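Enquirer: Mind looking over this structure? Questions follow.
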Amino acid sequence: MRLDKYLKVSRLIKRRTLANEVADAGRIFVNGKAAKASYAVQQGDVIEIAFGNRPVKVRVLSVAEPKGKDVARELFEVLEG
């Protein structure tokens with residue numbers, strides 16, 4: 001699954017266009033490296049998003065398309081933030 005789509009379906013970022021803009025600005029890191037919106041997210045990846053002065057760090061648990069918004073939190077675990 002593309003990084004921008006993953007961020008949207010996991011509800012880490014509300015809109016896919018916003019996820020695209022944040023990735024293109026170089027504020028999203030996957031496994032310690034800057035990632036573009038087209039990066040293919042895999043299970044076990046560590047994603048770090050710089051939200052102003054409060055960075056969020058999560059580990060990808062699943063890349064399966066969720067069936068509803070109530071299960072979106074099961075796609076990742078928060079490491080920091």
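Enquirer: At 0.36 nm per residue, minus the direct Cα-Cα distance, what do Ala25 and Glu65 gain on full extension? Give it in nm, one decimal, please. Could the numbers behind the result be given before it?
Expert: On the way: separation 40, 0.36 × 40 = 14.40 nm, distance 2.59 nm.
My answer for the length gained is 11.8 nm.
Enquirer: Plugging the Kirkwood radius over Cα pairs into Stokes-Einstein for segment 3-80, at a temperature of 37 °C and a viscosity of 0.692 mPa s, what D comes out in µm²/s?
Expert: On the way: Rh = 12.3 Å.
Rounded to a whole number, D works out at 268 µm²/s.
Enquirer: Given Cβ point charges of +1 (Lys, Arg) and -1 (Asp, Glu) and nothing else, what value in debye, to the nearest 20, does the dipole of the chain about its Cα centre take?
Expert: Details: 16 positive and 10 negative charges, 49 e Å.
Once rounded to the nearest 20, the dipole reads 240 debye.
Enquirer: For every helix of n ≥ 4 consecutive DSSP H residues, a contribution of -39,500 (n - 2.57) applies; sum these over the chain, divide by its total residues, and give [θ] at 222 nm rounded to the nearest 500 deg cm²/dmol.
Expert: Details: 2 runs with 16 residues, N = 81.
Rounded to the nearest 500, it is -5500 deg cm²/dmol.
Enquirer: GNM, the chain, Cα, under 10 Å: largest mean-square fluctuation among Asp70, Asp24, Asp45?
Expert: Asp70
No lab work stands behind these numbers, since they all come straight from the coordinates. Owing to the predicted nature of the structure, the values given are computational and were not obtained by experimental measurement. Every residue, glycine among them, receives a Cβ derived from its backbone with ideal geometry; neighbour counts consider all protein chains shown.
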